[in-house]
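Structure first, then comments.
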Amino acid sequence: MIRTKAVMSWSSGKDSAMALHVARSAANLDIVALVSNFNTDGGRVKTHATRREIVRAQARALGLTLVEIDLPEPTSNAAFLDRTREVVRQFAQQGVTDWVFGDLFLQDIRDWREAQMAALGVTSHFPLWDRDTATLARDMLSVGLEAYVVAADCARIPIKLAGARFDMNFLSALPEGVDPSGENGEFHTVVANAPGFEEPLALERGETVLQNGVAYTDFRLIAKG
(Lines give C-alpha, C1' and ligand atoms only; values in the text may rest on other atoms or scores of the structure.)
Protein backbone atom coordinates (compact mmCIF):
# COMPACT_ATOMS: atom_id res chain seq x y z
CA MET A 1 0.00 0.00 0.00
CA ILE A 2 1.26 3.47 -0.90
CA ARG A 3 1.43 5.67 2.19
CA THR A 4 0.37 9.32 1.93
CA LYS A 5 3.05 11.78 3.05
CA ALA A 6 1.85 14.10 5.80
CA VAL A 7 3.04 16.86 8.15
CA MET A 8 2.44 16.83 11.92
CA SER A 9 1.39 20.01 13.73
CA TRP A 10 3.66 19.71 16.79
CA SER A 11 3.00 21.44 20.12
CA SER A 12 5.76 19.57 22.01
CA GLY A 13 3.14 18.02 24.30
CA LYS A 14 1.46 14.68 24.92
CA ASP A 15 -1.46 15.08 22.50
CA SER A 16 0.84 15.75 19.57
CA ALA A 17 3.07 12.84 20.57
CA MET A 18 0.15 10.43 20.85
CA ALA A 19 -1.44 11.65 17.62
CA LEU A 20 1.89 11.13 15.87
CA HIS A 21 2.11 7.60 17.27
CA VAL A 22 -1.40 6.73 16.11
CA ALA A 23 -0.86 8.35 12.69
CA ARG A 24 2.43 6.52 12.21
CA SER A 25 0.74 3.27 13.15
CA ALA A 26 -1.88 3.75 10.45
CA ALA A 27 -1.07 2.03 7.20
CA ASN A 28 -1.93 5.03 5.03
CA LEU A 29 0.10 7.92 6.53
CA ASP A 30 3.83 8.64 6.39
CA ILE A 31 4.77 11.58 8.62
CA VAL A 32 7.68 13.43 7.02
CA ALA A 33 8.04 16.56 9.20
CA LEU A 34 6.94 18.41 12.32
CA VAL A 35 5.78 22.04 12.31
CA SER A 36 5.91 24.13 15.49
CA ASN A 37 5.03 27.75 16.29
CA PHE A 38 7.45 29.78 18.41
CA ASN A 39 7.40 33.23 19.98
CA THR A 40 10.01 35.28 18.15
CA ASP A 41 11.27 37.04 21.27
CA GLY A 42 11.53 34.16 23.71
CA GLY A 43 12.07 31.27 21.30
CA ARG A 44 9.41 29.19 23.03
CA VAL A 45 6.42 27.24 21.79
CA LYS A 46 3.30 29.37 21.93
CA THR A 47 0.91 28.38 24.75
CA HIS A 48 3.20 25.63 26.12
CA ALA A 49 6.27 27.88 26.49
CA THR A 50 8.56 24.92 25.73
CA ARG A 51 12.11 25.95 24.92
CA ARG A 52 13.10 25.76 21.26
CA GLU A 53 16.07 23.49 21.96
CA ILE A 54 13.76 20.91 23.54
CA VAL A 55 11.52 20.84 20.48
CA ARG A 56 14.54 20.44 18.24
CA ALA A 57 15.72 17.56 20.41
CA GLN A 58 12.27 15.94 20.18
CA ALA A 59 12.42 16.12 16.39
CA ARG A 60 15.90 14.56 16.37
CA ALA A 61 14.73 11.77 18.67
CA LEU A 62 11.86 11.07 16.27
CA GLY A 63 14.09 11.24 13.20
CA LEU A 64 11.95 13.97 11.66
CA THR A 65 12.60 17.37 10.12
CA LEU A 66 11.36 20.31 12.21
CA VAL A 67 9.96 23.39 10.50
CA GLU A 68 9.90 26.39 12.84
CA ILE A 69 7.35 29.17 12.42
CA ASP A 70 8.41 32.29 14.33
CA LEU A 71 5.63 34.64 15.35
CA PRO A 72 5.70 37.93 17.27
CA GLU A 73 3.82 38.32 20.54
CA PRO A 74 1.01 39.20 20.35
CA THR A 75 0.21 37.71 16.95
CA SER A 76 -2.84 38.61 14.90
CA ASN A 77 -4.84 35.84 13.23
CA ALA A 78 -3.91 37.38 9.88
CA ALA A 79 -0.18 37.18 10.61
CA PHE A 80 -0.50 33.62 11.88
CA LEU A 81 -2.43 32.52 8.82
CA ASP A 82 -0.07 34.25 6.41
CA ARG A 83 2.96 32.47 7.88
CA THR A 84 1.16 29.14 8.05
CA ARG A 85 0.01 29.44 4.44
CA GLU A 86 3.59 30.03 3.38
CA VAL A 87 4.72 26.80 5.04
CA VAL A 88 1.73 24.88 3.67
CA ARG A 89 2.57 26.05 0.16
CA GLN A 90 6.20 25.00 0.58
CA PHE A 91 5.12 21.48 1.49
CA ALA A 92 2.55 21.43 -1.32
CA GLN A 93 5.36 22.14 -3.79
CA GLN A 94 6.95 18.92 -2.50
CA GLY A 95 3.69 17.04 -3.01
CA VAL A 96 2.75 16.97 0.68
CA THR A 97 -0.85 18.11 1.12
CA ASP A 98 -1.96 16.23 4.27
CA TRP A 99 -1.58 17.56 7.82
CA VAL A 100 -2.12 15.82 11.16
CA PHE A 101 -3.45 17.53 14.30
CA GLY A 102 -3.73 16.36 17.91
CA ASP A 103 -7.14 17.85 18.70
CA LEU A 104 -9.54 15.69 20.71
CA PHE A 105 -13.04 17.12 20.81
CA LEU A 106 -13.27 20.91 20.44
CA GLN A 107 -15.42 21.08 17.31
CA ASP A 108 -14.99 24.81 16.69
CA ILE A 109 -11.19 24.41 16.56
CA ARG A 110 -11.44 21.45 14.22
CA ASP A 111 -13.87 23.29 11.94
CA TRP A 112 -11.52 26.29 11.80
CA ARG A 113 -8.47 24.15 11.02
CA GLU A 114 -10.28 22.18 8.33
CA ALA A 115 -11.63 25.33 6.69
CA GLN A 116 -8.24 27.06 6.62
CA MET A 117 -6.45 23.97 5.31
CA ALA A 118 -9.11 23.06 2.78
CA ALA A 119 -8.82 26.54 1.27
CA LEU A 120 -5.17 25.67 0.55
CA GLY A 121 -5.98 22.24 -0.88
CA VAL A 122 -4.84 20.43 2.27
CA THR A 123 -6.55 17.43 3.88
CA SER A 124 -6.62 17.49 7.70
CA HIS A 125 -6.38 14.37 9.87
CA PHE A 126 -7.34 14.04 13.55
CA PRO A 127 -6.18 10.60 14.78
CA LEU A 128 -7.34 11.15 18.38
CA TRP A 129 -10.67 12.73 17.57
CA ASP A 130 -13.61 11.94 19.86
CA ARG A 131 -11.73 9.42 21.98
CA ASP A 132 -12.72 9.20 25.62
CA THR A 133 -10.11 11.44 27.22
CA ALA A 134 -9.83 9.48 30.48
CA THR A 135 -9.12 6.30 28.52
CA LEU A 136 -6.78 8.20 26.21
CA ALA A 137 -4.77 9.55 29.14
CA ARG A 138 -4.25 6.02 30.43
CA ASP A 139 -3.39 4.80 26.93
CA MET A 140 -0.70 7.49 26.72
CA LEU A 141 0.90 6.12 29.85
CA SER A 142 0.56 2.50 28.72
CA VAL A 143 2.58 3.16 25.53
CA GLY A 144 5.42 4.69 27.54
CA LEU A 145 4.74 8.38 27.03
CA GLU A 146 6.65 10.53 29.54
CA ALA A 147 5.49 14.12 29.92
CA TYR A 148 5.58 16.97 32.43
CA VAL A 149 3.16 19.82 33.09
CA VAL A 150 4.61 23.07 31.73
CA ALA A 151 1.50 25.24 32.05
CA ALA A 152 -1.33 25.01 34.57
CA ASP A 153 -4.45 27.16 34.71
CA CYS A 154 -4.58 27.93 38.42
CA ALA A 155 -8.29 28.74 38.26
CA ARG A 156 -8.94 25.09 37.49
CA ILE A 157 -6.09 23.02 38.92
CA PRO A 158 -3.85 23.55 41.98
CA ILE A 159 -0.59 25.37 41.37
CA LYS A 160 1.22 22.51 43.13
CA LEU A 161 0.55 20.40 40.01
CA ALA A 162 2.61 22.74 37.84
CA GLY A 163 5.76 20.89 36.84
CA ALA A 164 4.33 17.52 37.86
CA ARG A 165 4.91 14.38 35.87
CA PHE A 166 1.91 13.34 33.80
CA ASP A 167 1.14 9.99 35.43
CA MET A 168 -1.57 8.21 37.41
CA ASN A 169 -0.78 10.23 40.54
CA PHE A 170 -1.28 13.44 38.57
CA LEU A 171 -4.54 12.20 37.06
CA SER A 172 -5.81 11.19 40.51
CA ALA A 173 -5.00 14.66 41.88
CA LEU A 174 -7.04 16.53 39.25
CA PRO A 175 -10.14 18.26 40.63
CA GLU A 176 -13.54 16.99 39.58
CA GLY A 177 -14.60 18.35 36.20
CA VAL A 178 -11.06 18.83 34.86
CA ASP A 179 -10.49 16.99 31.60
CA PRO A 180 -7.86 14.25 32.12
CA SER A 181 -6.15 15.29 28.90
CA GLY A 182 -6.43 19.02 29.57
CA GLU A 183 -8.26 19.56 26.29
CA ASN A 184 -10.10 22.60 27.67
CA GLY A 185 -6.80 24.32 28.38
CA GLU A 186 -6.53 23.24 32.01
CA PHE A 187 -2.90 22.24 31.53
CA HIS A 188 -0.24 21.70 28.87
CA THR A 189 2.73 19.35 28.82
CA VAL A 190 6.18 18.78 27.36
CA VAL A 191 7.17 15.29 26.23
CA ALA A 192 10.47 13.72 27.29
CA ASN A 193 9.79 10.31 25.78
CA ALA A 194 7.15 8.81 23.52
CA PRO A 195 6.71 6.02 20.97
CA GLY A 196 9.16 6.58 18.14
CA PHE A 197 11.81 8.35 20.24
CA GLU A 198 15.26 6.93 19.61
CA GLU A 199 16.01 7.67 23.26
CA PRO A 200 14.41 9.74 26.05
CA LEU A 201 15.30 13.38 26.54
CA ALA A 202 16.97 14.40 29.79
CA LEU A 203 14.99 17.36 31.13
CA GLU A 204 15.73 19.45 34.20
CA ARG A 205 12.93 21.23 36.02
CA GLY A 206 13.40 24.93 36.62
CA GLU A 207 11.35 27.62 38.33
CA THR A 208 7.60 28.08 38.17
CA VAL A 209 6.26 31.57 37.50
CA LEU A 210 2.69 32.83 37.59
CA GLN A 211 1.49 34.95 34.66
CA ASN A 212 -2.13 36.01 34.20
CA GLY A 213 -3.39 33.14 36.32
CA VAL A 214 -1.30 30.49 34.56
CA ALA A 215 1.62 28.78 36.28
CA TYR A 216 4.46 28.11 33.83
CA THR A 217 7.17 25.66 34.83
CA ASP A 218 10.42 25.91 32.94
CA PHE A 219 12.24 22.79 31.77
CA ARG A 220 15.75 22.74 30.32
CA LEU A 221 17.40 20.17 28.11
CA ILE A 222 20.38 18.54 29.80
CA ALA A 223 23.23 18.13 27.35
CA LYS A 224 24.76 14.68 27.12
CA GLY A 225 28.41 13.91 27.55
Residues satisfying the stated conditions in region 18-29, i.e. part of a helix (DSSP H, G or I) and in contact (Cβ under 8 Å) with a residue 24 or more places away in the chain: 18, 19, 20, 21, 22, 23, 24
Residues satisfying the stated conditions in region 116-125, i.e. touching an Asp or Glu at 6+ places or on another chain (Cβ under 9 Å) and surrounded by fewer than 18 Cβ atoms within 10 Å (Cβ to Cβ): 123
Subset of region 55-75 that is open to solvent by 30 Å² or more (accessible area, probe 1.4 Å) and either touching a His at 6+ places or on another chain (Cβ under 8 Å) or in a strand (DSSP E or B) (or both) - its residue that is farthest from residue 6 (Cα to Cα): 70
Pick from region 154-168, criterion more than 17 Å from the chain's Cα centre (by Cα) and outside any loop (DSSP other than H, G, I, E, B), ranking: farthest from residue 215 (Cα to Cα): 168
Given (1) in contact (Cβ under 8 Å) with a residue 24 or more places away in the chain; (2) open to solvent by 60 Å² or more (accessible area, probe 1.4 Å); (3) in a helix (DSSP H, G or I); (4) among the acidic types (Asp, Glu), index of the condition residue 139 fails: (2)
Pick from region 1-43, criterion among the hydroxyl-bearing types (Ser, Thr, Tyr) and over 22 Å from residue 53 (Cα atoms), ranking: nearest to the chain's Cα centre (by Cα): 25
Extreme residue, modelled with the highest pLDDT, among residues of region 1-19 that are open to solvent by 10 Å² or more (accessible area, probe 1.4 Å) and over 18 Å from residue 185 (Cβ atoms): 5
Filtered residue count, region 144-202, keeping only those that are in contact (Cβ under 8 Å) with a residue 40 or more places away in the chain and on the phi > 0 side of the Ramachandran plot: 3
Filter result (assigned to a loop (DSSP other than H, G, I, E, B) and either touching a helix residue (DSSP H, G or I) at 6+ places or on another chain (Cβ under 6 Å) or open to solvent by less than 10 Å² (accessible area, probe 1.4 Å) (or both)) within region 33-54: 43, 50
Near pairs, Cβ below 6 angstrom, 6+ apart or cross-chain, from region 205-225 (over 19 Å from residue 184 (Cβ atoms) and touching a residue at least 40 places away in the same chain (Cβ under 8 Å)) to any residue that is open to solvent by 60 Å² or more (accessible area, probe 1.4 Å) and in a strand (DSSP E or B): 218/207; 219/205; 220/204
Residues of region 169-225 classified as outside any strand (DSSP E or B), open to solvent by 50 Å² or more (accessible area, probe 1.4 Å), out of contact with any Lys or Arg (no Cβ under 9 Å at 6 or more places or on another chain) and not acidic (Asp, Glu), total: 8
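Table: residues versus (1) assigned to a helix (DSSP H, G or I); (2) surrounded by fewer than 13 Cβ atoms within 10 Å (Cβ to Cβ).
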{"position": "31", "(1), (2)": "no, no"}
{"position": "79", "(1), (2)": "yes, yes"}
{"position": "91", "(1), (2)": "yes, no"}
{"position": "95", "(1), (2)": "no, yes"}
{"position": "102", "(1), (2)": "no, no"}
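The values are calculated or read from the model by the stated rules, or taken from the named source; none is laboratory data. Given the structure is predicted, the values throughout are model-derived calculations rather than measurements. Methodologically, a virtual Cβ is constructed for each residue, glycine included, from the backbone with ideal geometry; neighbour enumeration extends over all protein chains shown. Please note that ligands, DNA and RNA were not included when accessible areas were found on the heavy atoms of the full protein model with its side chains. Shrake-Rupley method; radii C 1.70, N 1.55, O 1.52, S 1.80 Å.
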